[in-house]
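The values are calculated or read from the model by the stated rules, or taken from the named source; none is laboratory data. Since the model is a prediction, treat every value here as computed from it, not as a measurement. Here the Cβ positions follow ideal geometry from the backbone for every residue, glycine too, while neighbour counts run over all protein chains shown. Protein only, heavy atoms only, side chains kept; ligands, DNA and RNA dropped before computing areas. Shrake-Rupley method; radii C 1.70, N 1.55, O 1.52, S 1.80 Å.
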Amino acid sequence: MKGITFPAWHGKHYVTLAELLVRLGSFDLDLTWRVEFDEIVDPRCAEMERRSADAGMDTLTLLSLTTPFLQLIDAEARGFAGDELVLVLTEFDSSSWDVRAVDERVLSELRHHYPGAKDLSAGALTPDGATGGSPPR
């Protein structure tokens, strides 16, 4: 799984989870999502975690819960195709996004929209696709 990182803030514009999901378009439409937070900042976060505890949620359900203005603090959204983890969106302290994907086209699409994106070093990824450090749990 390869990855990129980019700032969550572009000038005064905050890149939300909703924006990332929309930017990914058809790449993430058929995925099942599980979302975890270190800090619950809104009741919608609790609802996302509740739905994640069950069978997960589809992309449209996740999108409906994120809305364009929901700013997250330390959150991770994992997208599964069946039982396979194929996409991980990790937001760190409302300051940056790390995106890891099995499909390089996902990363290319985001590089196009966020030209300051940098590649994550392959050594920083664990076998399950997580980065080192303390991921949200």
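A compact table of results
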read-out	value
So L60, is it within 14 Å of the chain's Cα centre (by Cα) and on the phi < 0 side of the Ramachandran plot	no
Within the stretch 80-96, tally of residues that are modelled with pLDDT of 95 or more, under 8 Å from the mean Cα position of the chain (by Cα) and farther than 13 Å from K2 by Cα	1
Residue within the stretch 22-36 that is open to solvent by 60 Å² or more (accessible area, probe 1.4 Å) and either touching a His at 6+ places or on another chain (Cβ under 6 Å) or without any contact (Cβ under 8 Å) to a residue 24 or more places away in the chain (or both) present	yes
In the stretch 75-113, residue nearest to L60 (Cα to Cα) [restricted to those that are acidic (D, E) and open to solvent by less than 40 Å² (accessible area, probe 1.4 Å)]	E76
Total residues in the stretch 37-65, condition without any contact (Cβ under 8 Å) to a residue 24 or more places away in the chain, touching a Ser or Thr at 6+ places or on another chain (Cβ under 9 Å) and surrounded by 14 or more Cβ atoms within 10 Å (Cβ to Cβ)	2
Matching strands (runs of 3 or more DSSP E) fully within the stretch 71-111 where at least 1 residues are among the β-branched types (V, I, T)	84-92, 96-101
